[in-house]
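The values are calculated or read from the model by the stated rules, or taken from the named source; none is laboratory data. Only a predicted model underlies this, so the values are computations on that prediction, with no experimental measurement involved. Note: ideal-geometry Cβ built from the backbone for every residue, glycine included; neighbour counts use all protein chains shown. Just so you know, the surface numbers come from the protein's heavy atoms only, side chains and all, with ligands and any DNA or RNA stripped out. Shrake-Rupley method; radii C 1.70, N 1.55, O 1.52, S 1.80 Å.
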Amino acid sequence: MAKMRFMNKKKDIPVSSSAALSESLSFIEMSLRELGIHQKLGLRTVLLTEELLPQFIQNSAPETKLRIQVQKFLGDASVSIHAPGRGFDPLDSPAEDAGAFGQMEDAEVQQAIRSILLKSQGDKLKITHKGGINHARILVGQSNQSMLVWTVGALIAGVLFGLLLRFAFPAVFSDGLSTYLLYPIKTMFMNALKIIIGPVVFLSIVSSFAQFKDLAELGRIAAKVMGVYL
């Protein structure tokens with residue numbers, strides 16, 4: 001199956017439905033399969049949503065709906081869950097240490113295990129509560145080329161913005177914007193690069209030298225490098 005680069009699928013599921021959990025999981029699993037997501041990543045995402053969805057349902061009013069959204073843009077795939085309701089923190093664990101599990105009720109043990117599982121995902125899971133709506137976003141996978149695409153896109157946008165200032169706006173406006181906004185930003189950026197480049201180059205060279213155990217081999221490589229530069 002060819003992998004899609006762009007996709008945005010949504011589905012609203014009533015919280016009051018007895019099949020809300022199973023229907024949501026089926027929709028997510030099917031959407032990830034259509035995206036061509038690796039089976040291991042898809043299974044991890046489904047397991048995470050299986051832990052999150054019951055808490056969304058529990059803290060939502062009966063008349064509300066869960067909105068499940070599966071997105072893919074430039075190789076980055078994610079699953080989002082939105083539902084109006086009371087705020088909750090699924091990362092909150094009632095257990096302070098491993099020895100406390102023996103003194104906890106079954107529900108508390110399940111909550112503690114769920115919290116540990118969700119915390120282990122780190123920056124792949126983001127949960128917020130804003131405006132009376134609970135939000136959760138699970139990062140399924142990131143493309144190795146997404147940063148390159150964003151960088152090239154930023155370069156093209158910069159060129160277009162420069163042409164726009166040059167030909168579409170008065171010279172007074174362009175000069176003022178350049179003098180009081182763009183030039184200071186450029187100066188700070190270039191100075192920051194100068195601060196970083198020196199230590200990075202020095203430490204890279206020292207690290208490379210430290211890996212050589214044969215000085216003769218190091219000498220041959222150094223001679224070749226000098227010859228190339230000359």
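Descriptive notes on the structure:
- Yes/no for ASP89 being over 20 Å from LYS10 (Cβ atoms), in contact with a His (Cβ under 9 Å, 6 or more places away or on another chain), surrounded by fewer than 15 Cβ atoms within 10 Å (Cβ to Cβ) and modelled with pLDDT under 80: yes
- Selected residue [more than 30 Å from GLY158 (Cβ to Cβ) and open to solvent by 70 Å² or more (accessible area, probe 1.4 Å)] from LYS213, LYS186, LYS194: LYS213
- A search for C-beta distances below 8 Å between a residue of the range 39-58 that is touching a residue at least 40 places away in the same chain (Cβ under 8 Å) and more than 21 Å from PRO14 (Cα to Cα) and any residue that is surrounded by fewer than 13 Cβ atoms within 10 Å (Cβ to Cβ) and not hydrophobic (A, V, I, L, M, F, W, C), counting only pairs 6+ apart in sequence or on different chains, returns GLY42/ARG33.
- Test: residue in the range 35-54 that is farther than 20 Å from LYS124 by Cα and surrounded by fewer than 15 Cβ atoms within 10 Å (Cβ to Cβ): no
- Per the listing ILE116, ILE127, the residue uniquely in a helix (DSSP H, G or I) and either modelled with pLDDT under 85 or touching a Pro at 6+ places or on another chain (Cβ under 8 Å) (or both) is ILE116.
- Qualifying residue in the range 145-168 (condition: farther than 30 Å from GLU29 by Cα, hydrophobic (A, V, I, L, M, F, W, C), at pLDDT 85 or above and not in a helix (DSSP H, G or I)): yes
- Residues being at pLDDT 85 or above and out of contact with any Asp or Glu (no Cβ under 8 Å at 6 or more places or on another chain) - total across the range 16-25: 5
- Within the range 4-28, the set of residues being open to solvent by 60 Å² or more (accessible area, probe 1.4 Å), over 20 Å from the mean Cα position of the chain (by Cα) and touching a residue at least 40 places away in the same chain (Cβ under 8 Å) comprises LYS11, ASP12, SER16.
- Here the range 148-179 is the region considered, the condition is being touching a residue at least 12 places away in the same chain (Cβ under 8 Å) and under 30 Å from the mean Cα position of the chain (by Cα), and the residue that is least open to solvent (accessible area, probe 1.4 Å) is VAL149.
- If you check ILE13, ILE28, ILE81 for being more than 18 Å from ILE138 (Cα to Cα), in contact with a helix residue (DSSP H, G or I) (Cβ under 8 Å, 6 or more places away or on another chain) and modelled with pLDDT of 85 or more, only one passes: ILE13.
- The range 216-230: number of residues that are hydrophobic (A, V, I, L, M, F, W, C) and open to solvent by 100 Å² or more (accessible area, probe 1.4 Å): 3
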